[in-house]
Each structure stands twice: as C-alpha cells, then as structure tokens.
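All remarks here apply to the structure that follows.
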Amino acid sequence: MKTAISINPAYREGVANELSKILADEYVRYTKTKNAHWNIEGRDFYDKHKFFESQFGELDAIVDSVAERIRTLGYYVDAMLKAFLSVTQFTEQKREKNNSAAYIKELLADHETLIKSLKGNILVFGNEYHDLGTSDFVTALVETHEKMAWFLRSHLM
C-alpha cells in the first residue's frame, strides 16, 4: 500500500537514507555497550555490569524506534551487520584491559559524537526534507543521548 503522509516521496527516500545511517550508529553503540556489559572486570564489576545493562536496554529501544521510523516512511530496513558497518561513523576496538573507566570513556565519546551528528540532522530533516515529524523524533533522540552521556560522565567524576 502506498505511503501517504504528506512528505514528498523523494524527500522520504532522503530521510530514510539518513535514518539508516543513524540506525547503524545506534546499533553499533548498542553492540559496544553490550560488549562492555559482558566483559567488564574489576572491583566495580557488579555495579558497572548492571549500569551497562540499563544503558544497552535504552539503546535497544532506540534501535527499534529508529527502524520503525524508517518503516513509517514506507521503506524497508537493511538490518544486516555488513550494511550497518558500511555506513556507521563508529569503530570497534579490542582492548587488553576491560576496566570500567576505559569502557565509560569510549562510550561517552561515542555518545558525544552521536549527539553532534544528530543535532546536525535536525534542521536538515525539517528544512531540507520538510519532515517535521522526523526532526522532532531526532530531537528526542538527542535528549535521550544527552542524558545517557551525563550518566556515563558522572561515573568519571
């Protein structure tokens, strides 16, 4: 059935393509946080294990909402790891020590990078693509990532 949501089809395609990049970033962030949850070591193991669990839970909900926004626009989600890795701005790294400070610093840096990237898209979605719904959606993502970054930052104080 044709998607008729008052957004030019060419604009919808552009939005879906940009959202696919955001989805890839969110999925890689989810995976990196899950990795921290599984591999954390040290005296603060239990607390950080639980903390990372809450963070990847939030990221799981974000991944789902981004994918559903793409589907709302009438496009399919290319949910393959190869596709995500081809467009994400993030990299994975193997570490020698699995301590909380190292994981937290890396995850915080990723959140801050993602926040900047998302903020850059807010006006693009609204002004260039005339999609205020996606603009609002991304604004809410920024707010969620800012809070998650605050929680991470608070562990480094």
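The values are calculated or read from the model by the stated rules, or taken from the named source; none is laboratory data. Being a predicted model, the structure only gives us computed values, none of them experimental. Methodologically, a virtual Cβ is constructed for each residue, glycine included, from the backbone with ideal geometry; neighbour enumeration extends over all protein chains shown.
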Identify, from the list A24, A67, A16, A36, the residue that is over 24 Å from D131 (Cα atoms), in contact (Cβ under 8 Å) with a residue 40 or more places away in the chain, of a type in the set (A, V, I, L, M, F, W, C) and part of a helix (DSSP H, G or I). A36
Subset of the range 31-60 [surrounded by 13 or more Cβ atoms within 10 Å (Cβ to Cβ) and of a type in the set (A, V, I, L, M, F, W, C)]: A36, I40, F45, F51, F52, F56, L59
Please find, within the range 133-157, the residue that is nearest to R69 (Cα to Cα) out of those that are modelled with pLDDT of 95 or more and of a type in the set (A, V, I, L, M). V138
What number of residues within the range 99-153 are closer than 25 Å to E41 by Cα, in contact with a helix residue (DSSP H, G or I) (Cβ under 8 Å, 6 or more places away or on another chain), of a type in the set (D, E, K, R) and free of Cβ contacts under 8 Å to residues at least 60 places away in the same chain? 2
